[in-house]
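Quick notes on the structure that follows.
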Amino acid sequence: MKERDLWNKVALICIIFASRTTNLPVFYEILKISFLKELKFLNKYFWKYRYRLILGLIFIVISNYFAVKPAVYVRDALDLVKNAVVDIKQKTGVVDTTILVDEFGRQVVIYGLLILAMAFMRGVFLFFMRQTIIVMSRLIEFDLKNEVYNHYQTLPLSFYRKNNTGDLMSRISEDVNKVRMYLGPAIMYGINMVVLFTLTIGHMISVNPRLTLYVLMPLPILSFLIYKVNSIMEARSEVIQRNLAGLSTFVQETFSGIRVIKAFVREDNVIEQFTEASEKYKEASLSLTKVNAYFQPLIIGLIGLSTVLTIYLGGIEVTKGNITTGNIAEFVIYVNMLTWPVTSLGWTISLTQSAEASQKRINEFLKTKTDIVSDKDLIVPIKGTLEFKNVSLTYPDSGIEALKDISFKIEAGKSLGILGSTGSGKSTLANLICRMYDPTSGKVLMDDHDLKDLNPQNLRHYIGYVPQDVFLFSDSIRNNIAFGGDENIEESIVRAARQADLYDNVMSFEHKFETVIGERGITLSGGQKQRTSIARALIKNPKVLILDDCLSAVDTKTENTILNNLQEVVGNCTSVIISHRISSLKLADYILVLDEGKIVEEGTHEALLKIQNGTYKLLFEKQMRGEDATVA
Ligand SMILES: Nc1ncnc2c1ncn2[C@@H]1O[C@H](COP(=O)(O)OP(=O)(O)O)[C@@H](O)[C@H]1O
Ligand SMILES: [Mg+2]
């Protein structure tokens, strides 16, 4: 008896030791996970949903209790029947099954029902477990997506120039999704594993520590192998992911560029490239499938080995009288129950690792702060007196000095024309008025307030901006125009459309203002797009109107109509008209001629025409001769 106790103690120490050493790489990974810096960001969400999390933990424990308990009933039932058989044999010499069934049948049925009830209860609590933890992960996913999206909206234009759309999108979709896999499944299965392990091994040791040691021996090897195989699988899935991303980008480009492909008769070429890309994707997928194919039999083989060990060694213990036959059945159930947690260990670790990488990418963007800030953050009504004082701007990313020492002033309600060749800094000037960038030196003043003191949203609220590259949403014309204003009032929309000389065009469409444009609807001509964009700015009744070369795609007649219509609007607001056509500018109260970021000539139309050999005068003469001349 003494010797056996000693043996059991040694076995117990061995179990602990074995699990520590053979599993070292795995434990190392777990250790690393507990120091994950980036995922710490998510702790605030765990706190927010703490009640769900705690409830989830309780459900995990309960469901595992119901998972482990039936093994004990199986043992009891088996032992009951076996003892009964032995009893009857001793008493009567033969085994009379009718007596057996009569006396013990009911009890066995009760055990069966108990096991069924346990399974049912386990199912119920598994459901609750998923309902709390997986739902929690979905709620956090929702919060995180909103947080990232809202943060994106605060970031300045310069941020969007540095990062491409694909990157922005993948961080808010794929990366958030990977983080969710950590918040939901990884945490749930991780905790589940710990609880199940503790319960099962606790039960096993209480029955027989030595047998526990023997049957658990293959498990550390198993989890080590799984960890290794998992790393291989991770690497291969990454290759697949990359191939897939390449494939989708390629497909997307061929569809957006289908007109060019057809016009240049490149279809065969494109098909060939597509086949090549899908071939690569196929190869990568097959290589993953191969590892997978080895994986499953390996696990089942090792589990089988554990089962065989249990029965063989258990049999020896039974003959020694240390345990009962029922214990063997119980052990077989335990060992099989441990399979899933052991296999899921590697999986949980790699989910967490990729969540860490994804959260790092998300945090990178969340840490980026807008540099367009305002200390005083004044919210005041804007009248529209605009002044530039020695303004220079060097774009930080390209190092190009786009504006050099620009000074001018326009009173509220007056108009300013800006003429210049491409790249002379006209759009940059417009960007500065909207405070998309801050000047490198000098000051931009609106109603004698430095723009840096004004609340940027408040400022932009009073500005009607028609950008050079028209962007319209894939929506109805009505909604595109109404987008500019706060109200969706019919008269305002019609008025804006009339002022932009768009009304007759719209009326000629079958669905009038409801006509959908863009990918899902009709394609507008360049001029129609520009005029829709103008209408969108006009519906705001802006105090400052900026037209950035936005009449380039309309003919001179339409241009004149629009400019004449604008006269009435322009009467109440300051307007900045940027163009390379003198006809668009000649009505302006004051005109600046830009070249390479500097003002080279300035004055009224009449004054500028008086400058001998002036850029403005030469251009005017060319354009009067009917040549379609722009600035040299
Ligand atoms: N966001 C930007 N980042 C870096 N350089 C820019 C940016 N926008 C414009 N530039 C550069 O600044 C110069 C002026 O550009 P821009 O103001 O667009 O000229 P324009 O509108 O007169 O054609 C050009 O050399 C252009 O390449
Ligand atoms: Mg421009």
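The values are calculated or read from the model by the stated rules, or taken from the named source; none is laboratory data. These numbers were taken from a predicted model, which means no experiment stands behind them. Positions of Cβ are backbone-derived with ideal geometry, glycine not excepted, and every protein chain shown enters the neighbour counts.
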- Could you tell me whether any residue of region 599-619 is under 47 Å from the mean Cα position of the chain (by Cα) and at pLDDT 85 or above? yes
- Message: Take ILE591 and tell me if it is within 15 Å of ligand 2 (Cβ to nearest atom) and of a type in the set (A, V, I, L, M).
- Response: no
- Filter pass, ILE300 being farther than 23 Å from GLU174 by Cβ and assigned by TED's automatic domain parsing to the domain that holds ILE349: yes
- Among what's in region 571-588 and is under 44 Å from the mean Cα position of the chain (by Cα) and within 14 Å of ligand 2 (Cβ to nearest atom), pick the residue that is modelled with the lowest pLDDT. HIS580
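Residue-wise test of (1) within 29 Å of ASP76 (Cα to Cα); (2) modelled with pLDDT of 90 or more.
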site: VAL108; (1), (2): yes, no
site: PHE127; (1), (2): yes, yes
site: SER137; (1), (2): no, yes
site: PHE142; (1), (2): no, yes
- Within region 423-462, considering residues that are in a helix (DSSP H, G or I) and within 16 Å of ligand 2 (Cβ to nearest atom), the one surrounded by the most Cβ atoms within 10 Å (Cβ to Cβ): LEU429
- Item | Selection count, region 463-477, where residues are within 16 Å of ligand 2 (Cβ to nearest atom) and part of a loop (DSSP other than H, G, I, E, B) | 5
- State yes or no: is TRP347 under 35 Å from the mean Cα position of the chain (by Cα), closer than 30 Å to GLU317 by Cβ and either among the polar types (S, T, N, Q) or more than 16 Å from ligand 1 (Cβ to nearest atom) (or both)? no
- Item | Residue ID - nearest to LEU222 (Cα to Cα), chosen from residues in region 241-300 that are among the hydroxyl-bearing types (Ser, Thr, Tyr) and at pLDDT 85 or above | THR289
- Query: Is it true that some residue in region 556-570 is surrounded by 16 or more Cβ atoms within 10 Å (Cβ to Cβ), modelled with pLDDT of 80 or more and away from ligand 2 (no atom under 16 Å from the Cβ)?
  - Reply: no
- Being more than 7 Å from ligand 1 (Cβ to nearest atom) and small (Gly, Ala, Ser) is the filter; apply it to region 391-420 and report the residue that is nearest to LEU551 (Cα to Cα). GLY417
- Message: Residues that are at pLDDT 90 or above, among the charged types (D, E, K, R) and within 30 Å of ARG361 (Cα to Cα): does region 178-194 have at least one?
- Response: yes
- Task: Quick one: GLY485 ticks every box in (1) in contact (Cβ under 8 Å) with a residue 40 or more places away in the chain; (2) out of contact with any strand residue (DSSP E or B) (no Cβ under 7 Å at 6 or more places or on another chain); (3) not in a loop (DSSP other than H, G, I, E, B) except a single one, so which number is it?
- Result: (3)
- How about region 573-590: which of its residues are assigned to a strand (DSSP E or B) and buried (at least 23 other Cβ atoms within 10 Å of the Cβ)? THR574, SER575, VAL576, ILE577, ILE578, SER579
- Message: Quick check on this structure: which one of ILE534, ILE591, ILE582 is β-branched (Val, Ile, Thr) and over 22 Å from GLU621 (Cα atoms)?
- Response: ILE534
- Which is within 36 Å of the chain's Cα centre (by Cα), among the polar types (S, T, N, Q) and more than 16 Å from ligand 1 (Cβ to nearest atom), of SER508, SER492, SER474? SER474
- Taking interchain pairs and intrachain pairs at least six residues apart, which have beta carbon atoms under 8 angstrom, with the first residue in region 548-569 and free of Cβ contacts under 8 Å to residues at least 24 places away in the same chain and assigned by TED's automatic domain parsing to the domain that holds ALA588 and the second among the aromatic types (Phe, Trp, Tyr) and within 16 Å of ligand 1 (Cβ to nearest atom)? none
- Item | Candidate set: region 295-310, residues that are among the β-branched types (Val, Ile, Thr) and surrounded by 14 or more Cβ atoms within 10 Å (Cβ to Cβ); chosen: the one farthest from VAL342 (Cα to Cα) | THR310
- Item | Cβ pairs under 9 Å, 6+ apart, first in region 395-407 and farther than 13 Å from ASP595 by Cβ, second near ligand 1 (Cβ under 6 Å from one of its atoms) and among the hydrophobic types (A, V, I, L, M, F, W, C) | TYR395/ALA402
- Task: Look through region 240-298, keep the residues that are basic (Lys, Arg) and assigned to a helix (DSSP H, G or I), and return whichever of them is nearest to the chain's Cα centre (by Cα).
- Result: ARG242
- Item | Filter result for THR615 (among the hydroxyl-bearing types (Ser, Thr, Tyr), in contact with a strand residue (DSSP E or B) (Cβ under 7 Å, 6 or more places away or on another chain), within 16 Å of ligand 1 (Cβ to nearest atom) and within 23 Å of LEU429 (Cα to Cα)) | yes
- Query: Which one is nearest to ligand 2 (Cβ to nearest atom), of the residues in region 408-422 that are farther than 14 Å from VAL593 by Cα and surrounded by fewer than 17 Cβ atoms within 10 Å (Cβ to Cβ)?
  - Reply: LYS409
- Message: Please list, ordered by residue number, the helices (runs of 4 or more DSSP H) wholly in region 42-159 having 1 or more residues that are more than 23 Å from THR352 (Cα to Cα).
- Response: 50-92, 97-154
- Note on the structure: Checked region 75-106 for anything without any contact (Cβ under 8 Å) to a residue 24 or more places away in the chain and of a type in the set (Phe, Trp, Tyr); matches are none
